[in-house]
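Everything on this sheet refers to the single structure shown next.
Laboratory data are not the source of any read-out in this text; all were calculated from the coordinates shown. Small disclaimer: the values here were computed from a predicted structure and weren't measured. Note that we place each Cβ from the backbone using ideal geometry, even for glycine, and neighbour counts take in every protein chain shown.
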Amino acid sequence: MKIVLIGPVYPYKGGIAHYTSLLFRALDKEHDVTFISYKMQYPKLLFKKEQKDYSNESFKVDSAEFLINTANPFNIIGVSRYINKIHPDAVLLQWWHPYFAPCYKILLKNLKKDIRVLFTCHNVFPHERFPMDRFLTKSVLKEGDGFIVQSKSDEEDLLTIKADANVKYNPHPTYNAFKMRNISQKEGRAEIVEKDKFDIDDNTKLLLFFGFVREYKGLKHLINAMPEIVERIPDCRLLVVGSFGDDKQDYLDLIESKNVGKYIYLKDTYTPDNEVEKYFAATDLVVLPYEDATQSGIVQISFGFEKTVLVTNVGGLPDVVDNMKTGYVVNSGNDSEISDAVIDFFENNRSDSFSQEIKNNAQKFSWEQMVKSINGLMD
C-alpha cells in the first residue's frame, strides 16, 4: 500500500517522536511510506521549552519531510494538496492532544474522499483535561476510518465519541532502540557515578523513576513509600531522572519531611536519547506510580532493557504488565503496596525470573505486530 505517515520525528523530542520513527521503519518494510512531519509543531507562546534535540541521530528518518505548520491554515491546505498528488491509500496520523484538532481538521477536509484516514491514538483525551477538549477531540476523530489504540481505556473513550469506530487494540510496542551500546549494569552505574556524581555502587539496590515529573505520574507516592523501603532494604536508592515543573519545591519539601533525602537522587533535566541507556542499564526496578495513564512508553523502554517494572492499575498499564511475572501491578495511590512490591522484588530476588518472562513476551510487543494491526484496518 501507499501510506502517508504524519507525526513528529527527530529532531523533535519526546516519546511520540521516537515512536513514529520506529513505526515508519516497520511500515516501510512492507509499504511505500511517505513521512510528513512538522516544520512548526507548537508555537513558542504555548510551549516555551526547547522542542528539538540534535544530540543523537539514532531516531532520524532521512526521508522525512518537514512540511506542516500546525498554526497556519494556508500551509495546511497546501500540505493536503501535496498529499492528494501522492494519492496514498491511507493517511496515518498520530493523535495525542486536542491542540492538533484545528490543524488536522483542515488537513482532512481538503483530502480526496477516497483516501482512508487512520489514527494512532496515543491518548484519546489528554492526561490533563481542559474545557472543550472533548469537543475538539470528537471533531477530528469522527473523521477517522480506522483507529489503533494501545490501551483498553482508550478504546472505551474512543467509543464514547464514535460508537461505530473501526478500532484495533494493539499494545504499545517495545522501545529497544535505546539499547545503543549494550552496556552492562556495572558500566551504566560507573557512568552515572562519573558524570552525575551520585553515590551508587555494585551493591546498590536501584529504583528508577524516569520522564517528565507531572502530578498525575504519582512520584509523591513513591517518595511516601521510601521510608518503609529503606528500613527493610537499607542500600536501596531512588533515582529520579526527568524535568520538574513549577512544583519542584513541593517534592523537595516532601522528601525532607520523610527524611529520605540521602536515599533519593534527582536529575532535573531533559535526558538526550544517547543518555537514556545508562539509567535503564544501571537500574534494578523501574517504578511508574501513576495516578492516571492511558499507556506509557517508559514501560516499553524498560522491557527493551529486560527490566522489571512496577506500575499502578490505571489506564492501559495493567494490560501490558503481567503481575508477578513481568512486574508488579498495585493499586494507584496506595503507598504501602508500592513499598511491599519493592521489598518483595529485592528480598525474593525476582530479577532473573521476571526478566526471562519479559523475553518470553517480546513478540507480543513487536513492531511487526503493530504493522499487522494497521494492515487489518485496511482489510
If you count the DSSP beta bridges with both ends in segment 2-169, what percent of them are antiparallel, to the nearest 5? 5 percent
proj_area_mean for segment 294-379 (convex hull on C-alpha atoms), units nm², value 6.0 nm²
Counting other beta carbons within 10 Å of each Cβ, put 103, 236, 121 in order, fewest first. 236, 103, 121
Could you tally the net charge around residue 157, taking each other residue with its Cβ under 12 Å from the Cβ of residue 157, Lys/Arg +1 and Asp/Glu -1? +1
Would you pull out the residues with amide H under 5 Å of residue 293's amide H, same chain only if 5 or more places away, H placed 1.01 Å from N? 315
In segment 185-362, what percentage of the DSSP-assigned beta bridges are antiparallel, given to the nearest 5? 0 percent
How large is the dipole of the chain about the Cα centre if only Lys and Arg carry +1 and Asp and Glu carry -1, each at its Cβ, rounded to the nearest 20 debye? 1560 debye
Taking the Cα centre of segment 2-169 as origin, work out the dipole magnitude from +1 charges on Lys and Arg Cβ and -1 charges on Asp and Glu Cβ, in debye rounded to 20. 500 debye
Under 5 Å from the placed amide H of residue 179, counting only residues 5+ away or on other chains, we find none
Mind jotting down the three principal axis lengths of segment 49-117 based on Cα atoms? Whole angstrom, largest first. 40, 24, 21
With everything on Cα atoms, drop me the angle between helix 367-377 and the longest principal axis of the chain, reported from 0 to 90° to the nearest 10. 40 degrees
Compute the separation of the alpha-carbon centres of segment 335-379 and segment 315-334 and state it in Å as a whole number. 10 Å
Computed on Cα atoms, Rg of segment 215-297 relative to 2.2 N^0.38 Å comes out at 1.11
Sort 310-316, 322-328 by the packing proxy (mean of other Cβ within 10 Å over each peptide's residues), most packed first. 310-316, 322-328
Taking the Cα atoms only, what angle lies between the long axis of helix 73-86 and the longest principal axis of the chain, rounded to 10 degrees? 70 degrees
Mind pulling the angle between the C-alpha long axis of helix 351-360 and the longest principal axis of the chain? Nearest 10 degrees, somewhere in 0 to 90. 20 degrees
What does the convex hull of the Cα atoms of segment 2-169 come to per residue, in Å³, rounded to a whole number? 116 Å³
What pairs in 195/307; 13/113; 105/179; 248/325; 179/205 have C-alpha atoms more than 27 Å from each other? 13/113; 105/179; 248/325
Suppose the chain between residue 55 and residue 181 were pulled fully straight at 0.36 nm per residue; how much longer would it get relative to their current alpha carbon spacing? 43.8 nm
With θ set to phi - 60° and the Karplus curve 6.51 cos²θ - 1.76 cosθ + 1.60, what are the ³J(HN,Hα) couplings of segment 142-151 in order, to the nearest whole Hz, using x for Gly and Pro? 5, 7, x, 9, x, 9, 9, 10, 10, 8
Checked segment 70-149 against the a/c 1.5 cut and the a/b vs b/c comparison, axes a ≥ b ≥ c from its Cα gyration tensor; verdict oblate
What whole-number distance in Å separates the alpha-carbon centres of segment 1-53 and segment 201-256? 31 Å
For segment 185-362, restrict the atom set to alpha-carbon positions and state the Rg and Dmax in Å. 14.8, 42
